[in-house]
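One structure is given below, encoded as structure tokens.
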Amino acid sequence: MNIKKHIPNTITLLNLLCGCVALIFVSNDKFEMAFFFVCLGIFLDFFDGFFARLFKVSGPLGLQLDSLADMVTSGVVPGFVMFKMMQSSSIYMSEGYLQFFPYLGFIITLGSCMRLAKFNIDTRQTDSFIGLPTPANALFILSLPLVLEHYSGESLLVLEILTEKWVLLLISLFSAYILNAEISLFSLKIKKFNFRDNALQIVFLIIAVLLLVSLNYLAIPLIIIFYVLLSVINNKFLKK
């Protein structure tokens with residue numbers, strides 16, 4: 001029995017388990033623990049591909065498992081988080097059509113599903129991404145309740161924005177859009193160990209670390225927004 005060939009798929013299934021655990025924490029409004037398990041799932045998602053290449057056991061089964069696990073960890077979980085946030089924002093509007101309003105948060109899940117399906121058949125995404133990757137989008141969405149929890153007491157603007165149901169709907173719609181937009185986003189993979197070929201990635205990582213150190217959870221949505229904007233600038237002005 002060749003144990004090596006089972007290691008990548010086992011790691012992928014652990015990613016799926018992290019997503020399932022995160023769903024339980026979201027259902028109990030424990031968003032910080034949900035964020036931790038999604039981060040752990042994303043970490044495992046990186047290493048399943050790494051070990052598949054290392055052991056030369058890549059195959060169609062691993063590809064399908066990877067997408068199915070990501071669908072839960074980076075698709076269902078952020079949709080459920082937005083559902084819970086919208087549910088809180090609409091707590092006093094439980095009559096009429098507004099009682100169904102929170103379910104619009106699952107627009108994120110639908111957009112994530114489309115993104116993952118397209119990724120599996122898109123041959124262009126080897127050195128860059130077309131549309132925001134689902135893990136980055138998941139981190140963005142899961143950071144919102146944490147920002148609300150930790151910063152709403154310091155900033156009324158944060159409280160007003162992240163408890164306004166129409167703002168949350170716009171975020172959900174934009175999330176589904178940016179996941180599937182025909183926008184090239186640079187990859188963080190470093191293939192050559194020199195500054196010239198990796199200047200964009202190095203600058204981004206330095207700024208991301210500085211933001212995390214200074215702003216904590218608030219840095220996460222800012223980093224994702226900065227990543228998209230930097231990619232657009234790179235496409236327009238820097239890429240030759």
Residue (of 146, 134, 120) at the positive-pole extreme of the chain, dipole from beta-carbon charges: 120
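Pairs of Cα atoms under 8 Å, at least six residues apart: use those to get the relative contact order of the chain, whole percent.
Numbers: 299 pairs, mean separation 45.4, N = 240.
So the answer I get is 19 percent.
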Using alpha-carbon coordinates, inclination of helix 165-180 to the longest axis of the chain, degrees: 20 degrees
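From the protein chains alone at 1.4 Å, what is the descending order of accessible area for 86, 71, 33, 114, largest first? Show your work: numbers first, answer last.
Working: 86 0, 71 40, 33 80, 114 105 Å².
The ordering from most to least exposed comes out as 114, 33, 71, 86.
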In Å², nearest 10: area of residue 163 left accessible to a 1.4 Å probe: 60 Å²
Electrostatic dipole magnitude of the chain [Cβ: Lys, Arg +1; Asp, Glu -1; Cα centre; debye, to 20]: 1140 debye
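Arrange the residues 61, 139 by how much accessible surface each exposes, largest first, with a 1.4 angstrom probe. If you can, show how the numbers build up before the last one.
On the way: 61 110, 139 40 Å².
Per-residue accessible area, sorted high to low, gives 61, 139.
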Rounded percent of accessible protein surface that carbon and sulfur make up, segment 146-188, 1.4 Å probe: 69 percent
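Run lengths n ≥ 4 of DSSP H only: what is the helix-derived mean residue ellipticity at 222 nm for the chain, with -39500 (n - 2.57) per run over all residues, to the nearest 500? Don't skip to the answer; put the middle values down first.
Numbers: 10 runs with 162 residues, N = 240.
Only helices count here, giving -22500 deg cm²/dmol.
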Rounded accessible area of residue 104 (nearest 10 Å², 1.4 Å probe): 70 Å²
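Taking Cα atoms of the chain, Rg/Rh with Kirkwood Rh, to two decimals? Could you put the intermediate results ahead of the total?
Working: Rg = 18.6 Å, Rh = 18.9 Å.
Ratio of gyration radius to Kirkwood radius for the chain: 0.98.
Which whole-number value in Å² is the accessible area per residue of the chain, probe 1.4 Å?
On the way: 13600 Å² over 240 residues.
Counting only protein heavy atoms, the per-residue value for the chain is 57 Å².
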Under 5 Å, built H, 5+ apart or other chain: amide partners of residue 185: 129, 130, 131
Tally of Lys pairs whose C-alpha atoms are under 17 Å apart, taken over the chain, 8 or more apart or cross-chain: 5
List 84, 118, ordered by accessible area with a 1.4 Å probe, largest first: 118, 84
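The values are calculated or read from the model by the stated rules, or taken from the named source; none is laboratory data. Keep in mind that what you see is a predicted model, and the values were worked out from it rather than measured. Methodologically, a virtual Cβ is constructed for each residue, glycine included, from the backbone with ideal geometry; neighbour enumeration extends over all protein chains shown. Heavy atoms of the whole protein, side chains included, go into the accessibility calculation; ligands, DNA and RNA do not. Shrake-Rupley method; radii C 1.70, N 1.55, O 1.52, S 1.80 Å.
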